[in-house]
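Student: Take this structure, written in C-alpha cells, and hold onto it; I'll ask about it next.
The values are calculated or read from the model by the stated rules, or taken from the named source; none is laboratory data. Bear in mind that the values here come from a model prediction, so they are computed numbers and not experimental data. Quick reminder, even Gly has a Cβ in these numbers, built from the backbone with ideal geometry, and neighbours come from all protein chains shown.
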Amino acid sequence: MKYVLVSDPSLRDGNHAIQHQLSEEQIAAYCRAADAAGVPIVEVGHGNGLGASSLQLGESKTPDDRALRVARENLKTTKLGIHVIPGFATIEKDLKHAIDIGVDVIRVAAHVTEADLTQRHIDFARSKNKTVFGVLMMSHMASPELLAEQAKKMESYGAEGFIFMDSAGHYLPSDVTERVVALKRELSIAIGFHAHNNLGMAIANSVAAVEAGASMLDGCARGFGAGAGNAQLEVLVAVLHRMGYETGIDLYKILDAADLAEKELMSVVPTIKSTSVVSGLAGVFSGFMKPVDRIAKQFNLDARDIFFELGRRKIIAGQEDIIIEVATELAKRTQTAPVQARSV
Amino acid sequence: MNVRAVDLIREDCLSGLEGRSEQLSPLRGDTVVITGGTGFTGTWLAEMIAALNDQYSFGTKLILISRSTDHFKSTRPHLANRADITLVKSDVRYMVELPKETNWVIHAAANPDNRFHSTNPIEAMAIISDGTFAVLKAVDRCGDFKMFLNLSSGLIYGSQPLEVERISEHYAGAPSCGSVSSVYAEAKRFAETLCAAARSQARIPLVTARPFAFIGPYQSMDTPWAINNFIRDALNGSAIRVHGDGQTVRSYMYPSDMAYWYLRILTGGSSGLTYNVGNPEGITLQNLALMIAGHFTPSPEIRLHTAAGAAKTRFVPEVAMAVNELGLAQKVSMPQAIERTIRWNKA
C-alpha cells in the first residue's frame, strides 16, 4: 500500500484565521488529539511562521517559545514541525532556540522565485540532524519549469523533501498535476503539496497531487487555515484511505480531533466567502483576507476591488502594508468615478 | 590542523605509494602545475607529491594555482611552507601564462558543490569553460610540455539507469542540457570537447579522467551528500537519517587512491583517452549507514524513510580502462575508507 506523509498545520495556518490568537490551552488540547490520532507531523506557530509575530503581521497571543514548549509537552509520537521563513526567522535568535526546545521537522519557506534565500537556514537545520523540507509559497506565480528549477536549488541545499503551496487557492487539478510532473522530472527527493480552498478545489487538488506522484500532503482540521481554509484534514484522510493510500492516521480519532478543533480553536469554521473566491481568482495570498476585509470597511471600498488590484500588482505575503496603499489609491479613484464591476 | 591529522594523511600517502611509486617516475625532477590546487583534489595531490619527494627523492616541483591561497596558507601550513610547493594566487579564467618550466598540468579548477551550482549557475559554468580555455592557451606556450590531465566528471553521463550496474567510458548518456541542474555536468562536457579540440589543433598531449565519488580527509562533512552527513551525524552522536528505503546505490574511493590514480593517468595515460576514476563496488545507503554506525559505541540509530517518496538512484563507475591499461588498483577498501575518514575527523 502506498504511503502518504500527512502534515497538519492547523496550529500554524489556522492562526491566520484568528489573528494569531491561539492560546496555550488550545495548542495543548489539539496536540493531544492529533497525537492520539497518529498524525505524523503537527506544525505550530504564528501564521507566517517562526519569528513572524510583529505589529505589521499581527502579534501572537502565545509567543513562539511557549507555543513550541506546550506542543512539545503534548506530542508523544507525532513530530513537532515549524514553518521558517528566512527574514522573519533568524538562525541565532529563533531557529537555534526552536531546535533546543525540541522541534523535529523544519520547513524552510520562501516565495516561489526566492529559493536562494533558504540556503543558510536549510544548511543549519541539516547540520543539527533535523528533518528539513523546502517550501515554496505562492507557487502559482511561477511556471511549472521555474518552480522545478527553484525546488532543485532547495534540494541542492540539502532539503530532504519539497512542498509547493497554493497559498492563494488559485489552482485547478490540472495545474497541480502539471507542477508535480515537472517537479518529478527535476527532483530526487519527496514532493508535497499544500492546498487552499478558495475555489473549493483543496481536496481535488491534493488528490491530483498524489495521483501525479506527490507523497506528502498538508491538511488542517475543518480546513482551519488562512482565507477559505486548507484541505480539510479529516476529509483528506478519509479520501486517501478510500483511494487505498496509507497515512498511519486513525480515522475515528482524526474525526474526533476535527470536532475538538471546531469547538475549541475556531470561532467560525472556514467557508468560501465571496472575497475568498475573488482572492483565489486574483491569485492573492489567502492570509490577506482579514486585513483586506478590515481595510475595505475602513475606506468604504469593495474588498473584491482591493483583491483584484493586489493580484494585478502580484503582491505576496509580507507585503501587507501595500493593502493600505492600494485602498488609498482606490478610494481616490472612487471620488471621481464609481468602482467598476469587475469581470473575469 | 593538528600534527596527528597531518601524520595520518602522510601514512595514507606512503601506504598508497608502497610498491608502485616507480610508476610515477616520469615526474622526477619535473614541474607539475595544478589548477584549483587548494581544493580537496589539489590538496591530496600536493600531499602525494610531497610524500614522493620526501620518501622517494623525486625532486618534483609543484605549483598550486588557486584563488584561495591565503586560506590554504592558514589551514595547510605543512604544505604551504614547503620549499617544493609554490602557491600562485590567480583566477584560472584570467591566467595568461604558466611558468615556462611547466611539464605537467592537472586541471582541477571547478567547484563541485551543487549548492554553488544552484545559486550561481553562470559562474559555475564560466569557471569550467573559460578556465579550461585559458589553461589550454597557456599550455600551448610551454616549451617542454609532457601531458595535460583534464579532470572532468562522472556526472557527464547523466542519470545512471538503475539496470546499468556500472557506467563505462563508452556509455552514451548525457545530462539534460535544458536544465539548470545540469550546469556543472554540461560545462564539464564542453570542457572535454574543448580539450579534444586543443589536442587536435594545437597538438597538446592530453588525457581525461572522469571522477565519481570520494570520501576521506579534507572533505567538509557539512556538504549535503549522503555519506558526509551520515558520518557527521554519527560523529555528533545523532541518529543517521536515510531518505527513502535506503536502496539508492553509491560507491566511494578513498582520496589517497584517487590521487595516485590521477598521477598514474597523468604519467602513463595515452593521449586522447578517457579513464573513469572511482570505486566500482556499489553499496546501498542502508548498508553504508550500517557500516558507519559500526564504528561508534553506542551505535547510532539508523532511520529510514525520513522523507517519503525519495527516488532511488545509482552512481557507480566501470573502471576496467584504468585497471587493464594502467594496472591501477584500489588499495583502500570501502570499510577502510570509512574507518580512516572517521579517524581523521576525530584527530
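Student: Tell me which residues, restricted to region A:166-206, are of a type in the set (Gly, Ala, Ser), within 14 Å of chain B (Cβ to nearest Cβ) and touching a helix residue (DSSP H, G or I) at 6+ places or on another chain (Cβ under 9 Å).
Tutor: A:Ala182, A:Ser188, A:Gly192
Student: Kindly establish whether A:Ala142 is of a type in the set (Gly, Ala, Ser) and touching a residue at least 40 places away in the same chain (Cβ under 8 Å).
Tutor: When the stated conditions are applied, A:Ala142 does not pass them.
Student: Is it true that some residue in region A:113-127 is more than 14 Å from chain B (Cβ to nearest Cβ) and assigned to a loop (DSSP other than H, G, I, E, B)?
Tutor: no
Student: Can you tell me how many residues within region A:128-165 are facing chain B (nearest Cβ under 7 Å) and either touching a Phe, Trp or Tyr at 6+ places or on another chain (Cβ under 6 Å) or at positive phi (or both)?
Tutor: Number of matching residues: 3.
Student: For B:Ser200, all conditions in the list (1) more than 14 Å from every other protein chain (Cβ to nearest Cβ); (2) small (Gly, Ala, Ser); (3) touching a residue at least 24 places away in the same chain (Cβ under 8 Å) hold save one; what is the number of the exception?
Tutor: Of everything listed in (1) more than 14 Å from every other protein chain (Cβ to nearest Cβ); (2) small (Gly, Ala, Ser); (3) touching a residue at least 24 places away in the same chain (Cβ under 8 Å), B:Ser200 misses just condition (3).
Student: Take A:Ala214 and tell me if it is buried (at least 19 other Cβ atoms within 10 Å of the Cβ), within 14 Å of chain B (Cβ to nearest Cβ) and assigned to a helix (DSSP H, G or I).
Tutor: Values: buried (at least 19 other Cβ atoms within 10 Å of the Cβ): yes; within 14 Å of chain B (Cβ to nearest Cβ): yes; assigned to a helix (DSSP H, G or I): no.
So A:Ala214 fails the test.
Student: Next up: Given the condition crowded, with 20+ Cβ neighbours inside 10 Å and modelled with pLDDT of 95 or more, answer yes or no: does some residue in region B:167-174 qualify?
Tutor: Checked region B:167-174: at least one residue is crowded, with 20+ Cβ neighbours inside 10 Å and modelled with pLDDT of 95 or more.
Student: For region B:262-289, enumerate the residues that are more than 14 Å from chain A (Cβ to nearest Cβ) and in contact with a Gly (Cβ under 9 Å, 6 or more places away or on another chain). Please lay out each step first, then the result.
Tutor: Taking region B:262-289 and keeping what is more than 14 Å from chain A (Cβ to nearest Cβ), we get B:262-284, B:286-288.
Answer for region B:262-289, where residues must be more than 14 Å from chain A (Cβ to nearest Cβ) and in contact with a Gly (Cβ under 9 Å, 6 or more places away or on another chain): B:Arg264, B:Gly268, B:Tyr275, B:Asn276, B:Val277, B:Gly278, B:Thr284, B:Gln286, B:Asn287, B:Leu288.
Student: Where residues in region B:183-214 are among the aliphatic types (A, V, I, L, M) and part of a helix (DSSP H, G or I), which of them is farthest from B:Asn103 (Cα to Cα)?
Tutor: B:Val183
Student: What do you reckon, is B:Leu62 in a loop (DSSP other than H, G, I, E, B), aliphatic (A, V, I, L, M) and in contact (Cβ under 8 Å) with a residue 24 or more places away in the chain? Write out each step before concluding.
Tutor: On the way: in a loop (DSSP other than H, G, I, E, B): no; aliphatic (A, V, I, L, M): yes; in contact (Cβ under 8 Å) with a residue 24 or more places away in the chain: yes.
No.
Student: In this structure, is B:Ser179 within 14 Å of chain A (Cβ to nearest Cβ) and either touching a Pro at 6+ places or on another chain (Cβ under 7 Å) or under 20 Å from B:Ile128 (Cβ atoms) (or both)?
Tutor: Answer is yes for this residue.
Student: Which of (1) touching a helix residue (DSSP H, G or I) at 6+ places or on another chain (Cβ under 8 Å); (2) closer than 16 Å to A:Ile191 by Cα; (3) of a type in the set (A, V, I, L, M, F, W, C) is the odd one out, the single condition A:Met137 does not satisfy?
Tutor: (1)
Student: Does region A:241-261 contain any residue that is surrounded by fewer than 24 Cβ atoms within 10 Å (Cβ to Cβ), more than 14 Å from every other protein chain (Cβ to nearest Cβ) and among the basic types (Lys, Arg)?
Tutor: Looking for residues that are surrounded by fewer than 24 Cβ atoms within 10 Å (Cβ to Cβ), more than 14 Å from every other protein chain (Cβ to nearest Cβ) and among the basic types (Lys, Arg), one finds at least one in region A:241-261, hence yes.
Student: Search region B:223-233 for residues being modelled with pLDDT of 90 or more and more than 10 Å from chain A (Cβ to nearest Cβ), and hand back the single one that is farthest from A:Glu155 (Cα to Cα).
Tutor: That would be B:Ile231.
Student: Would you point out which residue out of A:Ala110, A:Ala67 is within 24 Å of A:Asp166 (Cα to Cα) and either in contact (Cβ under 8 Å) with a residue 12 or more places away in the chain or in contact with an Asp or Glu (Cβ under 8 Å, 6 or more places away or on another chain) (or both)?
Tutor: Details: A:Ala67 fails: within 24 Å of A:Asp166 (Cα to Cα).
Going through A:Ala110, A:Ala67 in turn, the sole match is A:Ala110.
Student: Output the residues belonging to region A:85-117 that are under 20 Å from A:Leu147 (Cα atoms) and in contact with a helix residue (DSSP H, G or I) (Cβ under 6 Å, 6 or more places away or on another chain).
Tutor: A:Pro86, A:Val108, A:Ala110, A:Val112, A:Ala115, A:Asp116
Student: For the list (1) in contact (Cβ under 8 Å) with a residue 40 or more places away in the chain; (2) on the phi > 0 side of the Ramachandran plot; (3) within 13 Å of chain B (Cβ to nearest Cβ), I need the number of the one condition that A:Gly87 fails.
Tutor: Among (1) in contact (Cβ under 8 Å) with a residue 40 or more places away in the chain; (2) on the phi > 0 side of the Ramachandran plot; (3) within 13 Å of chain B (Cβ to nearest Cβ), the lone unmet condition for A:Gly87 is (3).
Student: Another one. Which of (1) under 20 Å from B:Ala187 (Cα atoms); (2) in contact (Cβ under 8 Å) with a residue 12 or more places away in the chain; (3) among the β-branched types (Val, Ile, Thr) does B:Thr119 not meet, given it meets every other one?
Tutor: It fails just one condition, (2).
Student: Still on this model: Looking at region A:185-195, can you tell me whether even one residue there is assigned to a helix (DSSP H, G or I), in the same structural domain as A:Ile18 (by TED's automatic domain parsing) and under 19 Å from A:His140 (Cα atoms)?
Tutor: The answer is yes, given that some residue of region A:185-195 is assigned to a helix (DSSP H, G or I), in the same structural domain as A:Ile18 (by TED's automatic domain parsing) and under 19 Å from A:His140 (Cα atoms).
Student: Being assigned to a loop (DSSP other than H, G, I, E, B) and facing chain A (nearest Cβ under 9 Å) is the filter here, so list the residues in region B:102-114 that pass it.
Tutor: Initial filter on region B:102-114 (assigned to a loop (DSSP other than H, G, I, E, B)): B:102-103, B:108-113.
Scanning region B:102-114 gives a single hit, B:Asp113.
Quick grid of which residues meet (1) part of a loop (DSSP other than H, G, I, E, B); (2) more than 24 Å from B:Tyr184 (Cα to Cα); (3) more than 14 Å from every other protein chain (Cβ to nearest Cβ):
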site: B:Arg82; (1), (2), (3): yes, yes, yes
site: B:Glu97; (1), (2), (3): yes, yes, yes
site: B:Lys100; (1), (2), (3): yes, yes, yes
site: B:Phe116; (1), (2), (3): no, no, no
site: B:Ala134; (1), (2), (3): no, no, yes
site: B:Asp144; (1), (2), (3): yes, yes, yes
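Student: Which one of the conditions (1) within 13 Å of another protein chain (Cβ to nearest Cβ); (2) surrounded by 24 or more Cβ atoms within 10 Å (Cβ to Cβ); (3) not in a strand (DSSP E or B) does A:Gly225 fail to meet, given that it meets all the rest?
Tutor: Exception for A:Gly225: condition (1).
Student: Please pick out the residue among B:Gly282, B:Gly269, B:Gly309 that is buried (at least 16 other Cβ atoms within 10 Å of the Cβ), modelled with pLDDT under 95 and not charged (D, E, K, R). Before the answer, list the steps.
Tutor: On the way: B:Gly282 fails: modelled with pLDDT under 95; B:Gly269 fails: modelled with pLDDT under 95.
The conditions single out B:Gly309.
Student: Any residue that is of a type in the set (A, V, I, L, M, F, W, C), assigned to a loop (DSSP other than H, G, I, E, B) and either crowded, with 16+ Cβ neighbours inside 10 Å or more than 18 Å from the chain's Cα centre (by Cα) (or both) - is there at least one of those in region B:66-77? Even if it seems obvious, please write down each step before you answer.
Tutor: Going through region B:66-77, the residues of a type in the set (A, V, I, L, M, F, W, C) turn out to be B:72.
Checking which are assigned to a loop (DSSP other than H, G, I, E, B) leaves us with none.
No, that holds for no residue.
Student: Counting only residues that are assigned to a loop (DSSP other than H, G, I, E, B) and more than 9 Å from chain A (Cβ to nearest Cβ), how many does region B:234-254 have?
Tutor: 8
Student: Could you grab me the full set of residues in region A:145-173 that are touching a residue at least 60 places away in the same chain (Cβ under 8 Å) and among the polar types (S, T, N, Q)?
Tutor: The answer is A:Ser167, and nothing else.
Student: Tell me whether region A:77-96 contains one or more residues that are in contact with a Lys or Arg (Cβ under 9 Å, 6 or more places away or on another chain) and closer than 13 Å to A:Asn15 by Cβ.
Tutor: The answer is yes; a qualifying residue exists.
Student: May I pose another question? Answer with yes or no whether A:Ile163 is within 22 Å of A:Leu5 (Cβ to Cβ) and out of contact with any helix residue (DSSP H, G or I) (no Cβ under 8 Å at 6 or more places or on another chain).
Tutor: yes
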